[in-house]
Amino acid sequence: MSISRQNLSAVIVTFNSDKVIYNCVQSIPDDIKIFIVDNSNDKRFKENIEKKYNNIECVLSSENLGMGSGNNLGLRHIKTDYAIILNPDVVLEKDTIQEIINESKHISNFAILAPLSIDPKYPNYKLSNKSNNESNNHMPFKVKSVDGFAMVLNLKKINLIENFKNFNYFDENFFMYLENDDLCKRLIENNENIFVIPKSKIKHLGARGVNPEHAYEVELSRNWHWIWSKFYFNKKHKGYLYAFFTGIPYFLSAALKFILYLVLNNKKKKKIYLQRISGFLTAVMGKKSYYRPKIKN
């Protein structure tokens with residue numbers, strides 16, 4: 001069965017995202033059901049957005065679950081065979097969804113389809129072989145992974161894989177960063193296919209999913225979680241020693257910059273690199289991802 005609008009739902013995880021989410025929602029066709037998981041547990045946001053849009057159901061999480069857990073929670077509400085995962089700072093073009101639907105009729109075996117980011121400087125995919133490239137700009141091409149800010153999951157197919165059952169799509173140990181790479185890698189290891197659809201395009205604002213007044217706290221969180229998630233991902237797929245030795249250069253760089261900004265008395269920069277040090281040491285000790293952005297509604 002190919003994708004149709006009646007058989008496709010959208011999942012968007014938000015966290016203090018009310019400044020950008022409306023542009024995202026308005027770019028999604030109104031005949032597609034949208035499930036929003038709001039990690040900020042904002043009852044006013046839920047009330048306002050459900051009142052404004054008939055096709056939206058907003059689920060409030062009791063805590064900040066992060067991206068992986070938040071997406072899994074949203075997918076538990078899905079009744080359709082396909083779900084498009086979107087970040088709140090993504091805007092679809094007029095025919096983004098229709099182009100995915102059209103191409104799905106010609107691709108018989110896929111686990112994930114993804115639109116193409118309109119910014120060529122930041123491609124939203126990784127090729128399985130560096131010598132490969134998309135020879136035809138209009139034809140779908142197979143990739144190793146796609147970024148998590150826009151991807152269509154073939155739930156009916158993925159649910160047949162043993163270790164993906166019971167909504168075990170995204171590894172919930174990741175709070176943010178690399179949960180999408182992990183999902184794609186696990187699917188590839190199960191001989192599943194991931195395609196990018198060049199005719200289907202999206203605009204990603206990039207790191208703007210949280211309201212701008214929280215920018216510094218979000219920056220602290222990103223620096224902590226990037227280095228933690230990188231270590232965890234490498235340990236999971238290539239072993240502890242590989243994760244440790246590939247992570248050491250980042251740790252040493254962060255330590256040197258922390259000392260530099262300590263001497264210069266630059267408190268903001270010093271704290272950012274302290275976050276990287278903390279994230280790495282937490283991962284090295286095998287502790288869970290614990291840091292959460294300190295933002296109050």
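The values are calculated or read from the model by the stated rules, or taken from the named source; none is laboratory data. Because the structure is predicted, anything quoted here is derived from the model rather than measured. Methodologically, a virtual Cβ is constructed for each residue, glycine included, from the backbone with ideal geometry; neighbour enumeration extends over all protein chains shown.
Summed over the stretch 161-203, the residues that are assigned to a helix (DSSP H, G or I), touching a residue at least 12 places away in the same chain (Cβ under 8 Å) and farther than 19 Å from S117 by Cβ give a count of 7. Taking the conditions exactly as written (over 21 Å from the mean Cα position of the chain (by Cα) and aliphatic (A, V, I, L, M)), does I32 satisfy them or not? The answer is no for I32. The single condition among (1) within 30 Å of Y216 (Cα to Cα); (2) among the aromatic types (F, W, Y); (3) crowded, with 16+ Cβ neighbours inside 10 Å that Y22 does not satisfy is (3). A search for C-beta distances below 9 Å between a residue of the stretch 245-258 that is within 10 Å of R276 (Cβ to Cβ) and any residue that is of a type in the set (S, T, Y), counting only pairs 6+ apart in sequence or on different chains, returns S253/Y273; A254/Y273; A255/Y273; K257/Y273; F258/Y273. Candidates in the stretch 59-81 are the residues that are over 17 Å from the mean Cα position of the chain (by Cα) and polar (S, T, N, Q); of these, the one that is nearest to V152 (Cα to Cα) is T80. May I ask you to list the residues in the stretch 1-33 that are in a strand (DSSP E or B) and closer than 14 Å to G70 by Cβ? If the condition is that a residue be in a strand (DSSP E or B) and closer than 14 Å to G70 by Cβ, then A10, V11, I12, V13, T14 are the ones that fit.
So that you can scan it fast, the table gives a plain yes or no per residue for (1) in a helix (DSSP H, G or I); (2) basic (K, R):
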residue: N265; (1), (2): no, no
residue: I272; (1), (2): yes, no
residue: R276; (1), (2): yes, yes
residue: G279; (1), (2): yes, no
residue: T282; (1), (2): yes, no
residue: K287; (1), (2): no, yes
residue: R292; (1), (2): no, yes
residue: I295; (1), (2): no, no
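Answer with yes or no whether D42 is surrounded by 18 or more Cβ atoms within 10 Å (Cβ to Cβ), modelled with pLDDT under 95 and more than 23 Å from N168 (Cα to Cα). It is true that D42 is surrounded by 18 or more Cβ atoms within 10 Å (Cβ to Cβ), modelled with pLDDT under 95 and more than 23 Å from N168 (Cα to Cα). In the stretch 1-50, the residue that is farthest from I101 (Cα to Cα) out of those that are in contact with a Ser or Thr (Cβ under 8 Å, 6 or more places away or on another chain) and of a type in the set (F, W, Y) is F45.
Look at the stretch 43-65: where a residue is in the same structural domain as I28 (by TED's automatic domain parsing) and under 15 Å from V13 (Cα atoms) and a partner is in a helix (DSSP H, G or I) and not aromatic (F, W, Y), sitting 6+ places away or on another chain with Cβ atoms under 6 Å, you get I56/I49; I56/E50; C58/K46; C58/I49; C58/E50; L60/K46.
Against the test of being modelled with pLDDT of 95 or more and of a type in the set (K, R), the options K203, K157, K185 yield a single qualifying residue, K185.
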